[in-house]
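Engineer: Before I ask anything, let me first share the structure, which is written out below as structure tokens.
The values are calculated or read from the model by the stated rules, or taken from the named source; none is laboratory data. Keep in mind the model is a prediction, meaning the values are calculated, not measured. No Cβ is skipped: glycine too gets one built from the backbone with ideal geometry, and neighbour counts run over all protein chains shown.
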Amino acid sequence: MKRRDLLGALAVAPLLPGCATPADSAPSGSGDLGVVVERSRGTLALVNTSRRTLLAEIGGLGDLSHASVVFSRDGAIAYVFGRDGALSKVNLLTRRVERRLMQAGNSIGGAISQDGSLVAAQNYTPGGIKVFDAQSLALVADIPAEHAPGKTSRVVGLADLPGQRFIFSLFDADAIWIADLSQRSQPALVKLEGVGRQPYDALVTPDGRHYIAGLFGEDGLALVDLWDDVPTVRRILAGYGRGEQPLPVYKMPHLRGWAVAGRHAYLPAIGRHEVLVVDTSSWQEVGRIAVAGQPVFVMAQPDGRQVWVNFAVPDYDRVQVIDSRSRRIVRTISPGKAVLHMEFTPRGEAVWISSRDANRVSVIDTQRFETLATLDISEPSGVFFTSRAARMGF
């Protein structure tokens, strides 16, 4: 079969039984694609981010109540980490689940290595990470987060690093570990202990230099300089809520948004209606921005000019936009009840916002704040675009 004919055949490949008929069957490159998690149905909604259309629904993915997705280097494969411990390999071009395995009892996310050859899952039950070959999903390494005899920790904040490494936090052990998989048969571990109470999530800065873990058990964050020959941890923003009565935490904030804009990081304050502004050259607090509720995701646009924030209940129907230069809120929008996730298009001209209880994904123009499109999607949660394949730490 000629290459031209093969590509045409892929573009109109039949869906799995039970999948929706694509709304748009015209061929497209994988860079135009994205997925929206339909959490209650165990389904991915495949979307075209340029045409703002729903292409297909790919089902049979199990419990997606806290699902996350990473992509292969070419953007054609989505690796889906389900809450039930399943790891699924989904081909976005043929719209099929190629492989699916139950690798743990409870999983909350994963990462893909620098060269795209390894996929790692972070697990609650049993605590630890498992690393798989990206092509076959064969197990490469099983690294239990055993921090004391017979005791394992839940793992959070897993991210990829240069050099075939993964970094992750141990929520129950107040630790951060780095696993070096450059020698697949002999993973090497660096263990950083006593980093602060209950690290709950983390991010890697866009340049790959710093790993920042939020601390649920205390006011502050843990910072690792990954360029040091021997990585060490230092505490930053210690006691940012000193003297104030924290509010009940209705939803754990996330640090996985691109929260770095220019020389500043924008971070959610736990149990407070504030976004913290941090100078990334000194890692000192340089400001606070009062917002409408408890922030969950604080995400910078690709150009860093604006920072978008969504909130926990009871303010989870709103999104606020911060101008990063003036540090003022320039717009509040209400895209629908239960906003769970936001994702910018690769160059940031639009943002896709999922509203679970409205069964809707809204596409918003980031300059005029107009709604460009709405997609009817059942209980949408996470929104993931294939442009993530080129980004470190995502």
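Engineer: Determine if the stretch 184-199 includes at least one residue that is under 21 Å from His66 (Cβ atoms) and of a type outside the set (Gly, Ala, Ser).
Structural biologist: Residues of the stretch 184-199 under 21 Å from His66 (Cβ atoms): 198-199.
Pick out the ones that are also of a type outside the set (Gly, Ala, Ser) and you get 198-199.
Yes.
Engineer: Residues of the stretch 195-246 being at pLDDT 90 or above, closer than 17 Å to Gly163 by Cα and of a type in the set (Val, Ile, Thr), which ones?
Structural biologist: Of everything in the stretch 195-246, those that are at pLDDT 90 or above, closer than 17 Å to Gly163 by Cα and of a type in the set (Val, Ile, Thr) turn out to be Val204, Val224, Val230.
Engineer: Can I ask one more? Going by the structure shown, is Leu55 assigned to a strand (DSSP E or B) and not polar (S, T, N, Q)? Break it down stepwise before answering.
Structural biologist: Working: assigned to a strand (DSSP E or B): yes; not polar (S, T, N, Q): yes.
For Leu55, the condition - assigned to a strand (DSSP E or B) and not polar (S, T, N, Q) - is met.
Engineer: Output the residues belonging to the stretch 294-318 that are closer than 17 Å to His273 by Cα and over 18 Å from the mean Cα position of the chain (by Cα). Before the answer, list the steps.
Structural biologist: From the stretch 294-318, those closer than 17 Å to His273 by Cα are 294-299, 307-318; that's our starting set.
Selection gives Gln294, Val313, Pro314, Asp315, Tyr316, Asp317, Arg318.
Engineer: Report, ordered by the first and then the second residue, all pairs with beta carbons closer than 6 Å, sequence separation of six or more or different chains, a first member in the stretch 317-328 that is in a strand (DSSP E or B), and a second member that is of a type in the set (D, E, K, R).
Structural biologist: Final answer for the pair search is Val321/Arg331.
Engineer: For residues that are touching a Lys or Arg at 6+ places or on another chain (Cβ under 7 Å) and assigned to a loop (DSSP other than H, G, I, E, B), scanning just the stretch 107-152, find the one that is nearest to Ala390 (Cα to Cα).
Structural biologist: My answer is Gly116.
Engineer: Let me ask something else about it. Can you pull out the residues in the stretch 175-193 that are without any contact (Cβ under 8 Å) to a residue 40 or more places away in the chain and not in a strand (DSSP E or B)?
Structural biologist: Just the residues of the stretch 175-193 that are without any contact (Cβ under 8 Å) to a residue 40 or more places away in the chain, to begin with: 175, 177, 180, 182-183, 185-186, 188, 191, 193.
Of everything in the stretch 175-193, those that are without any contact (Cβ under 8 Å) to a residue 40 or more places away in the chain and not in a strand (DSSP E or B) turn out to be Ser182, Gln183, Ser185, Gln186.
Engineer: Mind counting the residues in the stretch 120-138 that are touching a Phe, Trp or Tyr at 6+ places or on another chain (Cβ under 8 Å) and touching a residue at least 24 places away in the same chain (Cβ under 8 Å)? Before you say what the answer is, go through the steps one by one.
Structural biologist: First, pick out the residues of the stretch 120-138 that are touching a Phe, Trp or Tyr at 6+ places or on another chain (Cβ under 8 Å): 120-122, 129, 131, 134, 138.
With the extra rule that they be touching a residue at least 24 places away in the same chain (Cβ under 8 Å), the set shrinks to 120-122, 129, 131, 134.
So the count comes out to 6.
Engineer: Can you give me the number of residues within the stretch 359-391 that are surrounded by 20 or more Cβ atoms within 10 Å (Cβ to Cβ), of a type in the set (A, V, I, L, M, F, W, C) and not in a strand (DSSP E or B)?
Structural biologist: Within the stretch 359-391, residues that are surrounded by 20 or more Cβ atoms within 10 Å (Cβ to Cβ), of a type in the set (A, V, I, L, M, F, W, C) and not in a strand (DSSP E or B) number 2.
Engineer: Find all pairs meeting these conditions: Cβ atoms under 9 angstrom apart; at least six residues apart or on different chains; first residue within the stretch 248-266 and within 17 Å of Gln320 (Cβ to Cβ); second residue part of a loop (DSSP other than H, G, I, E, B) and modelled with pLDDT under 70.
Structural biologist: Within 9 Å, the pairs are Tyr266/Gly257.
Engineer: Sort out which residues of the stretch 282-305 are aromatic (Phe, Trp, Tyr) and over 23 Å from Ser354 (Cα atoms), and write them in order of number. Quick ask: steps written out before the conclusion?
Structural biologist: Quick first cut of the stretch 282-305, residues aromatic (Phe, Trp, Tyr) only: 283, 297.
Hit for the stretch 282-305 is Trp283, nothing else.
Engineer: Hey, another quick one. Mind listing just one residue for me: the one in the stretch 194-234 that is small (Gly, Ala, Ser) and in a strand (DSSP E or B) and, of those, farthest from Val296 (Cα to Cα)? So that I can check it myself, show each step before the final result.
Structural biologist: Taking the stretch 194-234 and keeping what is small (Gly, Ala, Ser), we get 194, 196, 202, 208, 213-214, 217, 220, 222.
Imposing the further condition that a residue be in a strand (DSSP E or B) reduces the set to 202, 213-214, 222.
Values: Ala202: 13, Ala213: 15, Gly214: 12, Ala222: 19 Å.
Per the criteria, the residue is Ala222.
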